[in-house]
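Asker: Just dropping this structure here.
The values are calculated or read from the model by the stated rules, or taken from the named source; none is laboratory data. Just so you know, these numbers come straight off a predicted model, no measurement behind them. As a convention, Cβ positions derive from the backbone with ideal geometry for all residues, glycine included, and neighbour counts pool all protein chains shown.
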Amino acid sequence: MHKRRGRTSRIRRRKLFRSSESRGVTESYKYEFIELKKWLKDRKFEDTNLTPACFPGTGRGLMSKTSLQEGQMIISLPESCLLTTDTVIQSYLGAYITKWKPPPSPLLALCTFLVSEKHAGDQSPWKPYLDILPKAYTCPVCLEPEVVNLLPKPLKAKAEEQRVRVQEFFASSRDFFSSLQPLFGEAVDSIFSYSALLWAWCTVNTRAVYLRPRRQECLSAEPDTCALAPYLDLLNHSSNVQVKAAFNEETRCYELRTASSWRKHEEVFICYGHHDNHQLLLEYGFVSIRNPHACVYVSRGWNQFH
Ligand SMILES: C[S@@+](CC[C@H](N)C(=O)[O-])C[C@H]1O[C@@H](n2cnc3c(N)ncnc32)[C@H](O)[C@@H]1O
């Protein structure tokens, strides 16, 4: 017969379970993070609160180095670390973007820059950031059609729509890529391939932070609201936390404040939005086990049988 546990023992076990669930193994010693930290330091950013770690369940993320209080600023990333359409327009791509008619979209500008810098390898000033980006993504748009076929019907339909959108994005961008040929020794078709553009598209879609809409004369009128925020984009999602994140025009930093408190050595999360699991899988390539926004999709006419 089982001996009934006392209240103290139950609380202790719950605490132990909570901490083992979120316990991370530091990754700050890894070469790519040492290089990234140097790169960030050169751009006037040093983190005292967080460190990269690998967590059971959520994978790579950021862990608190000390306890963090409600309202505390957890990251303040200088503008010089952000990759925005300004970065692209001020680069060697700027002249080609300005010339191209109809103007490329802000998304195309960001994706083109990512593919081009990735191709530059060691020559790219963004190398330490590019090296920590995932090599592949798990979003349905990257999955084999046989795998997408196994998804629940409503999600499968959205995944197929998304695949068509990305394919059209590629097809409609090819002439612009051809115009960049003078910049490269190799044929642009081999650099700006579908798989390279898909990787860049997933990078922006799964990792970009939101900026107040801006308008660049040389880009199309689609919303220009995405920025890649190196290091900050290592934060994983939880629906149960609240954060305040925005670009501060005075400090010229992208600032993130937590509305939750964190114990030392816990995984620190941000909330990507109130997404159900279909949206999380579609946009970010993962699902959350304890998702308060989880819902069941019911097809039209389901009640005909009652
Ligand atoms: C902004 S990045 C976060 C950092 C990322 N884990 C990394 O290693 O680069 C977003 C991606 O992290 C992963 N992710 C974020 N939150 C997660 C969670 N709660 N559980 C599992 N994976 C998560 C997903 O692959 C998502 O596309």
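Asker: Condition first: in contact with a strand residue (DSSP E or B) (Cβ under 6 Å, 6 or more places away or on another chain), within 16 Å of the ligand (Cβ to nearest atom) and touching a residue at least 40 places away in the same chain (Cβ under 8 Å). Now tell me which residues in region 34-51 satisfy that.
Answerer: Leu50
Asker: From the list Ala200, Ala171, which one is assigned to a helix (DSSP H, G or I) and within 16 Å of the ligand (Cβ to nearest atom)?
Answerer: Selected residue: Ala200, the only one of Ala200, Ala171 that is assigned to a helix (DSSP H, G or I) and within 16 Å of the ligand (Cβ to nearest atom).
Asker: Checking the condition closer than 26 Å to Phe192 by Cβ and either in contact with an Asp or Glu (Cβ under 9 Å, 6 or more places away or on another chain) or more than 16 Å from the ligand (Cβ to nearest atom) (or both), which residue from Cys139, Cys81 passes?
Answerer: Only one candidate passes the filter, namely Cys139.
Asker: A further question on this structure: Would you point out the residue of region 230-243, among those that are in contact with a helix residue (DSSP H, G or I) (Cβ under 7 Å, 6 or more places away or on another chain) and part of a loop (DSSP other than H, G, I, E, B), that is nearest to Asn291 (Cα to Cα)?
Answerer: That would be Tyr231.
Asker: Here is a further query. Here is a list: Leu114, Leu40, Leu108. Which entry is of a type in the set (A, V, I, L, M), under 30 Å from Ser288 (Cβ atoms) and in the same structural domain as Val188 (by TED's automatic domain parsing)?
Answerer: Only one candidate passes the filter, namely Leu114.
Asker: What are the pairs with Cβ atoms under 8 angstrom where one residue, in region 129-146, is in contact (Cβ under 8 Å) with a residue 24 or more places away in the chain and among the hydroxyl-bearing types (Ser, Thr, Tyr) and the other, located anywhere, is assigned to a loop (DSSP other than H, G, I, E, B) and more than 10 Å from the ligand (Cβ to nearest atom)? Sequence gap at least six, or different chains.
Answerer: So the pair list comes out as Tyr129/Pro230.
Asker: Out of (1) closer than 16 Å to Leu228 by Cβ; (2) in a loop (DSSP other than H, G, I, E, B), what's the single condition that is false for Tyr129?
Answerer: All conditions are met except number (2).
Asker: Further, regarding this structure: Quick check on region 247-306: of everything there that is within 12 Å of the ligand (Cβ to nearest atom), among the polar types (S, T, N, Q) and in contact (Cβ under 8 Å) with a residue 40 or more places away in the chain, which residue is surrounded by the most Cβ atoms within 10 Å (Cβ to Cβ)?
Answerer: That would be Ser288.
Asker: Being of a type outside the set (Asp, Glu) and loosely packed, with under 15 Cβ neighbours inside 10 Å is the filter here; which residues of region 121-138 pass it?
Answerer: Gly121, Gln123, Pro125, Pro134, Lys135, Ala136, Thr138 - these are the residues of region 121-138 that are of a type outside the set (Asp, Glu) and loosely packed, with under 15 Cβ neighbours inside 10 Å.
Asker: Ser80 - would you say it is among the hydroxyl-bearing types (Ser, Thr, Tyr) and farther than 13 Å from Leu235 by Cα?
Answerer: Yes: the conditions hold for Ser80.
Asker: I would also like to ask the following. Just need a number here: residues in region 111-124 that are under 20 Å from the mean Cα position of the chain (by Cα) and not polar (S, T, N, Q).
Answerer: Final tally of qualifying residues: 6.
Asker: Taking region 226-246, which residues are out of contact with any Ser or Thr (no Cβ under 6 Å at 6 or more places or on another chain) and without any contact (Cβ under 8 Å) to a residue 60 or more places away in the chain?
Answerer: Asp233, His237, Ser238, Ser239, Asn240, Gln242, Lys244, Ala245, Ala246, listed by residue number.
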